[in-house]
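Asker: Below is a structure I'd like to ask you about.
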Amino acid sequence: EFPTTSVAVVNLTNILHNVENILKLAREHNSQVKIMPVVKANAYGHGDVPIVKELLKEMNIHRFAVNRVLEGVKIRKALQKENFNDVDILVLGYAIPTEVKNCVTFDLTPTISGDPLIIETLFDECVKQDKKIKVHVKIDTGMGRFGLLPNKVESFLHWFTNNPRNFPSRIILEGVFTHFSSADEKSKDYTQYQFDKFIEMRKLIETILEENPNKLQHSNEIIYHCCNSAATLFYPEMHLDMVRPGVSIYGLSPSNITNDERLPFQLRPALSLISHVARVEKLPHKSTVSYGNTYVVENEYETLALIPVGYGDGYKRINSHKSHVLIGGVECPVVGRVCMDQFVVRIPDEIADQVKVNDQVVLLGKQGDKELTCEKLSEWSHTINYEIVTALLPRLKRIYV
Ligand code: PLP
């Protein structure tokens, strides 16, 4: 039973399978390791609140990462409605001073990259609301993107701990992390370089904390973390105190290689994109299809089916003339341009007489013994599996099974 023509079906059992196996792998190396699933960008298109609730209820996971304050606020409000109170939400990205105040209001954990204005704003807001806030410091060990450069860590911590305003009385340093730029690639060298740099920073921070034993709260419990999916799966020795997998919990390979042989267990993709045939017609020789008449019927007749999905759902226009869908377990190529709400496929002769309006169409996922993987789709649209699922827009209803 489908509620509407075109839906993203999210298999929660597969997500649990992936997370359970990631956790099992991590615990083989460190029985105390924590996990913080990354649910930014609407859980990579899968729907953030339902995924968070499932992991909370079924696996008792109570740490999640988002990128923006707004994403955290949305999840926090949904959890509060159901009285889930002990959930930590880390905001991985930069927040401007006006919105970072919402981290205090909604008990979100912001990422600190050394900007004094953010620290001062957080501190003032904590005083105003009479609250404390946990923060994680991000160190840029080589991604060249966001975070404190290693040569600024020492001066930042000295400023933070020795400032007359006594920041540590309200701002608790709970974690320190970094992000790898190429853990998914064949060579380990750069990841090892970044990891070594991070360990060097950990030593430095520990030394500073030892010198200032009373100045930083929670100093003995700082959580050090650096592993995205690729590092979590390929380099267990780098897990440290916590892993931060994103794409793999949704069953997608971080290297964009289906069943990458380095994967320690088989990931199960969670999302299928399902639609229904909206029209079937035989069009005669020389008929043209879709905007710009870029497809012309070559044979005496061709059977063409209309699929009610388009770039307004996140099915990219670049798929025009390139991708295919599955109908009746058979690959049917896209002909003509993908429009905002629909596109047309050619039905191969072998099933031309069998296809009917309302037949199920698979754009991503399995049908019979055929499978259209995210990696295959990403090839057609010159991108990576991450973008295929993240690009799915809100109009596409998510259903959970
Ligand atoms: N940590 C940070 C800081 C990230 O930005 C991301 C995603 O880009 C992740 C973890 C998760 O990465 P992945 O989806 O490759 O597991």
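Asker: Considering only residues that are more than 16 Å from Arg268 (Cα to Cα) and touching a helix residue (DSSP H, G or I) at 6+ places or on another chain (Cβ under 8 Å), which ones fall in the stretch 364-387?
Answerer: Passing the criteria: Leu377, Ser378, Trp380, Ser381, His382, Ile384, Glu387.
Asker: Separate question: Counting just the residues of the stretch 264-288 that are outside any strand (DSSP E or B) and in contact (Cβ under 8 Å) with a residue 40 or more places away in the chain, which one comes out nearest to the ligand (Cβ to nearest atom)?
Answerer: Restricting to residues being outside any strand (DSSP E or B) and in contact (Cβ under 8 Å) with a residue 40 or more places away in the chain, the top hit is Leu267.
Asker: What number of residues within the stretch 74-102 satisfy the criterion of being within 16 Å of the ligand (Cβ to nearest atom) and assigned to a loop (DSSP other than H, G, I, E, B)?
Answerer: 4
Asker: In the stretch 38-51, what residues are within 15 Å of the ligand (Cβ to nearest atom) and of a type outside the set (Ser, Thr, Tyr)?
Answerer: Those that are within 15 Å of the ligand (Cβ to nearest atom) and of a type outside the set (Ser, Thr, Tyr): Val38, Val39, Lys40, Ala41, Asn42, Ala43, Gly45, His46, Asp48, Ile51.
Asker: Can you tell me how many residues in the stretch 130-176 are over 23 Å from Phe198 (Cβ atoms) and under 32 Å from the mean Cα position of the chain (by Cα)?
Answerer: 4
Asker: From the residues in the stretch 265-297 that are in contact with a Leu (Cβ under 8 Å, 6 or more places away or on another chain) and among the hydroxyl-bearing types (Ser, Thr, Tyr), which one is surrounded by the fewest Cβ atoms within 10 Å (Cβ to Cβ)?
Answerer: Filtering the stretch 265-297 for residues that are in contact with a Leu (Cβ under 8 Å, 6 or more places away or on another chain) and among the hydroxyl-bearing types (Ser, Thr, Tyr), the one surrounded by the fewest Cβ atoms within 10 Å (Cβ to Cβ) comes out as Ser272.
Asker: Another question, then. State all residues of the stretch 144-193 that are closer than 20 Å to Ile222 by Cα, within 16 Å of the ligand (Cβ to nearest atom) and outside any loop (DSSP other than H, G, I, E, B); if no residue qualifies, say none.
Answerer: Once the filter is applied, which keeps residues that are closer than 20 Å to Ile222 by Cα, within 16 Å of the ligand (Cβ to nearest atom) and outside any loop (DSSP other than H, G, I, E, B), the stretch 144-193 yields Leu148, Glu174, Gly175, Val176, Phe177.
Asker: Looking at the structure I just gave you, is Ile199 touching a strand residue (DSSP E or B) at 6+ places or on another chain (Cβ under 6 Å) and either away from the ligand (no atom under 16 Å from the Cβ) or assigned to a helix (DSSP H, G or I) (or both)?
Answerer: Taking the combined requirement at face value, the residue does not satisfy it.
Asker: Please name all residue pairs, on different chains or six or more residues apart, with Cβ atoms under 6 Å, provided the first residue is in the stretch 334-353 and is under 12 Å from His324 (Cβ atoms) and the second residue is buried (at least 16 other Cβ atoms within 10 Å of the Cβ) and among the acidic types (Asp, Glu).
Answerer: Arg346/Glu302
Asker: Which of the following residues is more than 19 Å from His17 (Cβ to Cβ) and more than 21 Å from the chain's Cα centre (by Cα): Tyr291, Tyr235, Tyr311, Tyr315?
Answerer: Just one listed residue meets the conditions, Tyr291.
Asker: Inside the stretch 217-263, can you point out the residues that are away from the ligand (no atom under 14 Å from the Cβ) and among the acidic types (Asp, Glu)?
Answerer: The answer is Glu221, Glu237, Asp241, Glu261.
Asker: List every residue pair whose Cβ atoms sit under 8 Å apart, with the two residues 6 or more apart in sequence or on different chains, where the first one lies in the stretch 223-239 and is assigned to a helix (DSSP H, G or I) and the second, anywhere, is more than 8 Å from the ligand (Cβ to nearest atom) and among the hydroxyl-bearing types (Ser, Thr, Tyr).
Answerer: From residues that are assigned to a helix (DSSP H, G or I), the pairs are Ala230/Ser255; Ala231/Thr191; Met238/Thr191.
FYI, it's all coordinate maths here, none of it is from the lab. Because the structure is predicted, anything quoted here is derived from the model rather than measured. Cβ: placed from backbone, ideal geometry, glycine included. Neighbour counts: every protein chain shown.
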